[in-house]
Amino acid sequence: MAQHIGCRLEDKNGKLIKDSELNFALIKKILWDVDAKKRYKWLHAIDEYGDTVFNSLQIPIVVAELEKLKNEVSQDTQNLIYQFIEFLKTISVHEYIKFNGD
């Protein structure tokens, strides 16, 4: 079975607002190839096996790293990253993006 890292938008009580069908594991795999620990610290910190939560003040940093990564990948992966960016940008104050690892 392939790994899956889900992504969802939640309110301050952890209630689901919007679920993404995207699999962040596909991007996480690419990060191993581009020395993510040094260049993509926030993306690298997304836990493959647990939960990672970002608030509305942190998401612009994550988005900036995804924008940077977009310049280093294939067109198909750029499209996937673009979809993630659009999803992440839907966050508002008192909402959270949660990545759920396997």
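Please report the base-10 log of the normalised intensity I(q)/I(0) for the range 47-96, using a Debye sum with one equal scatterer per alpha carbon and no solvent, at each q in 0.28, 0.31 (1/Å).
Evaluating at q = 0.28, 0.31 Å⁻¹ gives log10 I(q)/I(0) of -1.07, -1.13.
Angle, helix 59-70 long axis vs. longest principal axis of the chain, Cα atoms, 0 to 90°, nearest 10?
Long axis of 59-70 versus the principal axis of the chain: about 20 degrees.
Counting other Cβ atoms within 10 Å, keep those with at most 11, restrict to DSSP loop, and tell me which GluC sites (Glu not before Pro) in the range 1-63 are left.
21
In whole percent, what relative contact order does the chain give with Cα contacts below 8 Å and a gap of six or more residues?
41
With a cut-off of at most 10 other beta carbons within 10 Å, and DSSP calling the residue loop, which chymotrypsin sites (Phe, Trp or Tyr not before Pro) in the chain qualify? Please list them.
Of the chymotrypsin sites (Phe, Trp or Tyr not before Pro), the ones in loops of the chain whose Cβ has at most 10 other Cβ atoms within 10 Å are 49.
Can you list residues from other chains, or at least 5 along the same chain, whose modelled amide H is less than 5 Å from the amide H of residue 17?
Here 9, 10, 11 satisfy the definition.
Provide the gained length on full extension for the span residue 37 to residue 75, in nm with one decimal, where the gain is 0.36 nm per separating residue minus the Cα-Cα distance.
11.4 nm
For the range 1-58, please report how many Lys pairs fall under 24 Å Cα to Cα, leaving out neighbours fewer than 8 apart on the same chain.
Taking the Cα cut-off of 24 Å, the pair count is 7.
Relative to the longest principal axis of the chain, what angle (0 to 90°, nearest 10) does the C-alpha long axis of helix 75-88 take?
The angle comes out near 20 degrees.
I'm checking a number: the convex hull volume of the Cα atoms of the chain, normalised per residue, in Å³. What is it?
93
So for 76, 51, what's the accessible-area order with a 1.4 Å probe, most first?
Solvent-accessible surface, decreasing: 76, 51.
Would you please name the trypsin sites (Lys or Arg not before Pro) within the range 27-93 that are DSSP coil residues with at most 11 other C-beta atoms within 10 Å of their C-beta?
Those that pass, being in a loop and sparsely packed, are 89.
The values are calculated or read from the model by the stated rules, or taken from the named source; none is laboratory data. In this text the structure is predicted, and so the values were computed from the model without any measurement. Neighbour counts are summed over all protein chains in view; Cβ atoms, including those assigned to glycine, are modelled from backbone coordinates with ideal geometry. Accessible surface is based on the protein model in full, side chains and every heavy atom, while ligands, DNA and RNA are left aside. Shrake-Rupley method; radii C 1.70, N 1.55, O 1.52, S 1.80 Å.
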